[in-house]
Each structure stands twice: as structure tokens, then as C-alpha cells.
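The values are calculated or read from the model by the stated rules, or taken from the named source; none is laboratory data. This structure is a prediction, so every number in the text was calculated from the model and none was measured. All Cβ positions, glycine included, derive from the backbone under ideal geometry; neighbour counts span all protein chains shown.
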Amino acid sequence: MKHMLRIALLEAVRVAGLPGAIAARAKAQQPLPERPRILLIRPDHLGDMVMTTPVLDALRAYVPTAQITMMVGPWAADVVARHPAIDHLRTCAFPGFRRTAQSALEPYTLLRQIAHELREEHYDLAINLRNDFWWGAALMYLAGIPRRVGYALAPAEPFLTHALPFRPHQHSTFYNLELTSAGLEALGLPALEQPFAPERYPLVFTPTTDEQRWLQTQLEQAGIDEKTEVLVIHPGTGGAVKLWRNAAWTRSANALLNRYPTARLVLTGSPAEHEMLEAIAQGIEPRPLLLSQMTTGQLAALLKRASLVLGVDNGPLHLAVAQGTPTVRLFGPTDPAIFGPWGPANRHIVITSQEKCPSCPCIPCGRLDFRPDELDEHPCVKRIPEQAVEEAACTLLNTFCRQ
């Protein structure tokens, strides 16, 4: 029943937007304005948003006169709000990405409302930067934007003017760049230079001077001076199935501090993860500094100061890559080919679980939405051995240690 209702509603969207789509097709034949208006849509949270940042510098370099608007969720606005390539930032509580319940019709009501607002802004190009986000494609269509770029995936494809074939198992940033390159070609401009590699298109997030001063104060109060090596562990993540064992973090932290006795450890997380940080910290000597009330910029300042950052598949590890800091990260259900570090390969080590969960068809399985009572049956990340994590950390510290 829900499936049939969705089909009917999507068809209603297509019919409602048809007059605007016809007018948009005619507009696409007109000469491009001197300052083309470009809309980028990305609904995700911290990590995915950081992996989108390379397209901003690329767009500004290829279309210096463009007026670039980015539409993001309020939960990730601070990731891109400071980026100099963005002229205007729009926030939208995208359906499907809010961590609150919604009615079946709410996505369509919001779609109509936002599309009406966007029609008044007369965009020349819109790019749906999330490959499976049908709502973003439908929004561009209803807004009457003449050039609409995205991947040829159902049910988004009918709403696009430029639908790219989707090639699986590419890095998330590769997809962002490929879509942006297609958007430039839709404007009649040269495509982005290839290959799409982190050396040419790096992740970007720059902490401010005030954020770095804030960090310096926190470290000084904890007795950590500017010459001390700082190790950071960010153990939390949005999906519980991606978590490692708290006791494993404790033992690995002690092993590293024994190996590097002049280093200091900082545990980071969200306010909701503070209890986890306390559980990990209880067995660590010397006691680590716990920081769980930071802004994104303050966290970035810490990650920039660190000699090494360890964690599971989470957003702050991508933020660390943007600071040029080496990372060790643990993967299980998610594919590191898609969500791994977008940075120099020699500065980042990915440890993937080799043990498939009994009820999963493969590893990585790509599934994160397990109920709490199902988690014990999906221990792939938890089975990663501590020795592998410690050896990876030592490899990077011995190679890139600040001292």
C-alpha cells in the first residue's frame, strides 16, 4: 500500500511540475548569464558534508563569476558556512535525514513549499550531490531549474535533465566531483580535470584563530604544552553497529601511552557520547582529557593539533583528514572504498573486519539500521583485534610524529 501511494505521489509531482519543466527547457537554450546561479543540494551529516568540500573550490575555480548557493541540513551547516566559495547558504530540514518522526505526506508538503521559494531565485544549474536522494531531484524539477544534474537512479531519474550512469564502489568524493564536472559541461564549460584524486581536490575545513585559541586554553588547563604529542580517539559514530569495544579502546590507548610515554591522550565525542568516553577513560593511565562539548570548528582545531587520530567510520575522522592529520579507522559494515579517507594513502590506515556476521550475506554488508536487540548478532567491528589497531597507530606515529 505504501509503495503504491509513493508511486502515485511521485507521478503527481511529475505532472505538477511539467509546465515548469517545459519552460525550463526553453530557458536552457538561452545564452548563459554572466553570473550563472548554481544550486548544490546535499542533505547529509558531518562526514559526508566534509567529503563534499572539494567541489566548492573546483566550482569557484572553473566559474569564478558564479553565484553559488548550497542547500544543506541545519545539522551540517557549520561545515560549509565558512567556506569562501559559497555566496549563500540555505538550510532545509530534509525529510529522511532528520532524526525525528514524520508523516507520510510531510516530504511532499515540504517539497512544494521549498520548490516555490527556489523558483523565485532563478537558478541556471542545480546538482543533486547525493546519489540516491530522489527528493532533491524532485525539488530541482518542481523549482523549474533548467539544468538538473544527478545520477540515473530510480525514482530520481525522470526529474533530471542530465542523468549520469551510476558506477558502484567509487569514493563518495569521486561521486561529488563527477556530478560537478557534469554540471560544468551542462553549462557549456570545460569538465573538471582528471583524475579525481585527493591531491588535486583535497578536503577543506579551516578552523579559525579563535577556535585554535580556545583549544590552546583547554590543553594548557590540562597540562599539555605546545611540544607534547597529542593522540586523539573519537570512538563514537551515528550507527551503533560500527562501534568497537570500549575495553579495546582502553587497552589500545594504554599500549600506545606505554610506547610513547611523553604523549597525551584526548577522547572526543558528542554530549550524548560522554558516558562512553568516561567508560573508556576509567582504565587509562594517565587519565585522558575528555572533550564532548565542542563545536565543529573547535574539534577541527584539536584534530589539526593532533599527531594521530583513531576512530571508527565517523565524520570527525574525515574532518581530521581535512586537517592533514594521519588517521587509523576501523571498518565493518560500511565500504571503505566509498567512505574511507580521501587523503594521501600513506597517511591513513584502514583496518577492515575480516569476519562476516552470521546473518549478513557479505562484508561489508552496507546495513546500519539494526535494532538494539540485533546488535549482538552483528559483531564484525567488535572482532577487530587490538594488535592490528596498535600496530597501525605505531606505524603512523613512527613515520609522522611531530617531534
Find the helices (runs of 4 or more DSSP H) located wholly in segment 245-332 whose residues include 3 or more that are within 23 Å of Val381 (Cβ to Cβ), and list them.
246-259, 274-281, 315-322
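Which one is modelled with the lowest pLDDT, of the residues in segment 94-139 that are assigned to a helix (DSSP H, G or I) and among the charged types (D, E, K, R)?
Glu106
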Would you confirm, using the coordinates I've provided, whether Arg148 is among the basic types (Lys, Arg), in the same structural domain as Ala28 (by TED's automatic domain parsing), out of contact with any Leu (no Cβ under 9 Å at 6 or more places or on another chain) and within 17 Å of Ile38 (Cβ to Cβ)?
no
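Inside segment 96-141, can you point out the residues that are crowded, with 24+ Cβ neighbours inside 10 Å and more than 19 Å from Asp44 (Cα to Cα)? Please lay out each step first, then the result.
Pass one, segment 96-141, residues crowded, with 24+ Cβ neighbours inside 10 Å: 125-130, 135-141.
The answer is Leu125, Tyr141.
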So Thr180 passes all but one of these: (1) among the β-branched types (Val, Ile, Thr); (2) buried (at least 22 other Cβ atoms within 10 Å of the Cβ); (3) out of contact with any Leu (no Cβ under 8 Å at 6 or more places or on another chain). Which condition number does it fail?
(3)
Would you mention how many residues in segment 55-84 are surrounded by 19 or more Cβ atoms within 10 Å (Cβ to Cβ) and either of a type in the set (A, V, I, L, M) or closer than 19 Å to Tyr175 by Cβ (or both)?
13
Could you check, for segment 146-157, whether at least one of its residues is in a loop (DSSP other than H, G, I, E, B), under 19 Å from Tyr62 (Cα atoms) and in contact (Cβ under 8 Å) with a residue 60 or more places away in the chain?
yes
Within segment 20-38, which residues are touching a residue at least 12 places away in the same chain (Cβ under 8 Å) and either part of a loop (DSSP other than H, G, I, E, B) or outside the structural domain of Met140 (by TED's automatic domain parsing) (or both)?
Leu32, Pro33, Glu34, Arg35, Pro36
